[in-house]
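Report on the structure given below.
Readers should treat all values here as calculations from the given coordinates under stated rules, not as data from a laboratory. Keep in mind it's a predicted model, so treat the numbers as computed, not measured. We place every Cβ from the backbone using ideal geometry, glycine too, and count neighbours over all the protein chains shown.
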Ligand code: ZN
Ligand code: FE
């Protein structure tokens, strides 16, 4: 089985678009439909035809291009059954534990409510690749527009079950500003300090900081680190539950 090819491109300001191509079957999927023009341009550049849109959630910068792309390519749209009324044009409805296959590459679908109530992630586990939409960002996580902190922490823990080397493909380049907040939470975290130097160098060179790996996120992302003694000391929550620490971290980030 040949490895998946992943083409990543910036669009709409700070979104990332992703084309996922299986060379064996010739099948191609886009993760979300942030910008149909940019997606068509990327497809043309590779000589690929669009077979699927894999939606993570209903927001305009993720599903807004669904119908235009479907009209121009005839692609099939995969999305959360729980959000059927908000995601345009779904053909294949998925829920927790379902899988989607691109050729012989299988993605397990997990429901990750929090950012929205029906957000899902696509985990290509054998490929060590996870598309996490607006659930997990490098050194950050999605805002809780429709979910509780407890729901989001449960969702993030599902992603944390993956192997550390798993590449985390998130939907936005928010890394540097997330990292500035992370440093206020854990100013002495050596992994965080090292990642911030790496991120600064990448951004200065005009390079993406995404994907990162789950191992890097576990070491640097305050939203995955409610057990951290330093984070708890910053928040004055030494004896709180992980959910309480997560909730307070999210609240501080909203005010940052
Ligand atoms: Zn969103
Ligand atoms: Fe988004």
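So how far, in whole Å, is the C-alpha centre of the stretch 181-219 from the one of the stretch 1-37?
24
How large is log10 of I(q)/I(0) for the stretch 131-256 at q = 0.10, 0.16, 0.21 Å⁻¹ when the intensity is taken from the Debye formula with one equal scatterer per alpha-carbon?
-0.27, -0.72, -1.29
What list do you get for 212, 95 if you sort them by fewest beta carbons within 10 Å?
On the way: 212 23, 95 13.
Listing 212, 95 from fewest to most nearby Cβ atoms yields 95, 212.
Taking 0.36 nm per residue of sequence separation and subtracting the Cα-Cα distance, how much length would be gained by fully extending the chain between residue 146 and residue 194, in nm to one decimal?
Details: separation 48, 0.36 × 48 = 17.28 nm, distance 3.34 nm.
Additional length available on full extension: 13.9 nm.
For the peptides 53-61, 187-195, what is the packing order when you average, over each peptide's residues, the other Cβ atoms within 10 Å and list the highest mean first? Intermediate results must be reported in sequence, preceding the final value.
Values: 53-61: 23.3, 187-195: 15.2.
Order by mean packing, descending: 53-61, 187-195.
Which residues among the stretch 10-33 fall inside the zone where the amide N is under 14 Å from a point 7 Å beyond the Cα of residue 41, along Cα→Cβ?
10-18
For the chain, find the longest principal axis of its Cα atoms and tell me its angle to the long axis of helix 149-160, 0 to 90°, nearest 10.
Taking the Cα atoms of the chain, the angle to 149-160 is about 70 degrees.
Let me have the 222 nm mean residue ellipticity of the chain computed from DSSP H runs of 4+ only, each contributing -39500 (n - 2.57), with the sum over all residues rounded to the nearest 500. Present the calculation step by step, with values, prior to reporting the outcome.
Working: 9 runs with 89 residues, N = 256.
It lands at -10000 deg cm²/dmol.
What Kirkwood hydrodynamic radius do you get for the stretch 87-136 when you take the inverse of the mean 1/r over all pairs of distinct Cα atoms, in Å?
Working: mean 1/r = 0.0871 Å⁻¹.
Answer for the stretch 87-136: a Kirkwood hydrodynamic radius of 11.5 Å.
Can you tell me the orientation of helix 242-255 relative to the chain, as the angle in degrees between its alpha-carbon axis and the longest Cα principal axis, to the nearest 10?
That helix lies at roughly 80 degrees to the long axis.
Which percent, to the nearest 5, of DSSP beta bridges fully inside the stretch 79-189 are antiparallel? Let's see the in-between values first.
On the way: 13 of 19 bridges.
Just about 70 percent of them are antiparallel.
Quick one: helix 36-46 against the long Cα principal axis of the chain, what's the angle to the nearest 10°, folded into 0 to 90?
For helix 36-46, the angle is close to 70 degrees.
With r defined as the distance between the Cβ atoms of residue 256 and residue 128 and R0 fixed at 22 Å, what FRET efficiency is calculated, to the nearest 0.05?
0.10
If R₀ is 35 angstrom, what is the calculated FRET efficiency for the pair residue 85 and residue 180, using the beta carbon separation as r and rounding to 0.05? Let's see the in-between values first.
Numbers: r = 38 Å, r/R0 = 1.07.
The calculated FRET efficiency here is 0.40.
Calculate how many DSSP beta bridges within the chain are antiparallel, expressed in % of all such bridges and rounded to the nearest 5. Before the final figure, lay out each step's value.
Values: 28 of 41 bridges.
DSSP beta bridges in the chain are roughly 70 percent antiparallel.
Hey, could you get me the Stokes-Einstein D for the chain, Kirkwood radius over alpha-carbon pairs, 37 °C and 0.692 mPa s, rounded to whole µm² s⁻¹? Intermediate results must be reported in sequence, preceding the final value.
Values: Rh = 18.5 Å.
Estimated diffusion coefficient is 177 µm²/s.
Under 1.5 on a/c is rounded, so check that first for the stretch 1-111, then, if it is not, pick prolate when a/b is larger than b/c and oblate when it is not; a ≥ b ≥ c are the square roots of the alpha carbon gyration tensor eigenvalues.
Taking the square roots of the gyration eigenvalues as a ≥ b ≥ c, the stretch 1-111 is oblate.
Once you have the Cα-Cα distance between residue 238 and residue 96, take 0.36 nm times their residue separation minus that, and quote the gain in nm to one decimal.
On the way: separation 142, 0.36 × 142 = 51.12 nm, distance 3.38 nm.
Gain in length upon complete extension: 47.7 nm.
Taking a spot 7 Å from the Cα of residue 164 along the direction of its beta carbon, which residues of the stretch 121-141 have an amide N less than 20 Å from it?
125-130, 137-140
Which order do 62, 119 fall in if you start with the one that has the fewest other Cβ atoms within 10 Å?
Working: 62 24, 119 31.
Listed from fewest to most nearby Cβ atoms, that is 62, 119.
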